[in-house]
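As structure tokens, the structure follows; a few thoughts come after it.
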Amino acid sequence: MPTPFPGSSLPLLWLTLALGAVGCAVEPAPINDTGVTVTGDGSPGPGVFTLAFEDNFDRFDASQWQLMTHSWDGNLAQFSTSNTSFENGIASLKLTRAESDTVKPFRGVEMRSRATITYGKMETRARFAKGPGVVSAAVLIYTPWPADDWNELDIEYLSGPDKVQFNAMVYTGPPTVKPVTTAVSPTQYPMQVALDFDATADFHVYAVEWTPTNVRFLVDGIAKHEWHYLISSMKLPQNILLTIWASSAVGWAGAIGEDSAPTQADFDWIRVYDWKP
């Protein structure tokens, strides 16, 4: 996990992925508020976003999504195929307790798209989950496992500190030799942004725009963070994940407590766009 930012002494963090698991399985990096945000002119750059698919969540569409069943060190939840519901056009992803499981005492959800995009836009209207230690998120990620390379773009709501974290992750090491038996470790560029509203009280639109020249993270159509430091390495096909899980990283997501579960994140719709120059 991250090598230092230019001019910083940010220590290398460890990768905590269980072998055989795939998904957003990386422990959080410390926040560095310098050298991360790149402020441009507020535009996504040249090119056109064209709608690739959308889902209004009237039902679970197995042709577009699959429900995963893995976990990783640092995630106190095992992903379950039974913790989702679809009612009145809302997909609810639930975090519940599993009292008889001392290793993974929670059950969460990872909905993963079957399709990938290479450059594009993901936007979703979401109401994130309440509960300290709970992470609910919309993610783009390159998913082959063991990971021979790494691309990931995260919108993660951290209910404990009541912040949203935007993160870009890329692999910056030497070329891998295949077949890969040990996953590579990515470099992270996280930025936490305090929200001026309660993201658990109502729906808001969260988006990632990814082009060959930059990545923008938006809330309700307003760009909140931009990243392009290692944009040439952000070029791999990525799946979309909608997730809810429980983190053991107290300083990052808050301490798990009695009020952490049951809870849920609700998604009204999602739209995914391809980017064309």
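Observations, loosely collected:
Matching residues to (1) farther than 20 Å from D162 by Cα; (2) surrounded by fewer than 19 Cβ atoms within 10 Å (Cβ to Cβ); (3) in contact (Cβ under 8 Å) with a residue 60 or more places away in the chain; (4) more than 17 Å from the chain's Cα centre (by Cα):
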{"residue": "V193", "(1), (2), (3), (4)": "no, yes, no, no"}
{"residue": "V215", "(1), (2), (3), (4)": "yes, no, yes, no"}
{"residue": "D220", "(1), (2), (3), (4)": "no, yes, no, yes"}
{"residue": "W245", "(1), (2), (3), (4)": "no, no, yes, no"}
{"residue": "G251", "(1), (2), (3), (4)": "no, yes, no, yes"}
{"residue": "G257", "(1), (2), (3), (4)": "no, yes, yes, yes"}
{"residue": "T263", "(1), (2), (3), (4)": "no, no, yes, yes"}
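- G133 being in contact (Cβ under 8 Å) with a residue 12 or more places away in the chain, surrounded by 21 or more Cβ atoms within 10 Å (Cβ to Cβ), under 22 Å from A201 (Cα atoms) and not hydrophobic (A, V, I, L, M, F, W, C): yes
- Looking at T116, T176, just one residue is in contact (Cβ under 8 Å) with a residue 24 or more places away in the chain, touching an Asp or Glu at 6+ places or on another chain (Cβ under 8 Å) and surrounded by fewer than 21 Cβ atoms within 10 Å (Cβ to Cβ), and that residue is T176.
- Hits in the range 97-141 - residues which are β-branched (V, I, T) and either under 22 Å from Q165 (Cα atoms) or under 20 Å from the mean Cα position of the chain (by Cα) (or both): V109, T116, I117, T118, T124, V134, V135, V139, I141
- Of all residues in the range 50-62, those being small (G, A, S) and assigned to a strand (DSSP E or B) number 1.
- M122, sole failed condition from (1) part of a strand (DSSP E or B); (2) more than 27 Å from G257 (Cα to Cα); (3) touching a Gly at 6+ places or on another chain (Cβ under 6 Å): (3)
- Test result for F203, modelled with pLDDT of 95 or more and more than 16 Å from the chain's Cα centre (by Cα): yes
- Unmet requirement for L153, which otherwise passes all of (1) surrounded by fewer than 18 Cβ atoms within 10 Å (Cβ to Cβ); (2) closer than 25 Å to S113 by Cβ; (3) aliphatic (A, V, I, L, M): (1)
- Residues of the range 63-103 that turn out to be assigned to a loop (DSSP other than H, G, I, E, B), at pLDDT 95 or above and either touching a Lys or Arg at 6+ places or on another chain (Cβ under 9 Å) or acidic (D, E) (or both), as a count: 10
The values are calculated or read from the model by the stated rules, or taken from the named source; none is laboratory data. Worth saying up front: this structure is predicted, and the values here are computed from it rather than measured. Counting neighbours? That spans all protein chains shown, and the Cβs are built from the backbone with ideal geometry, glycine included.
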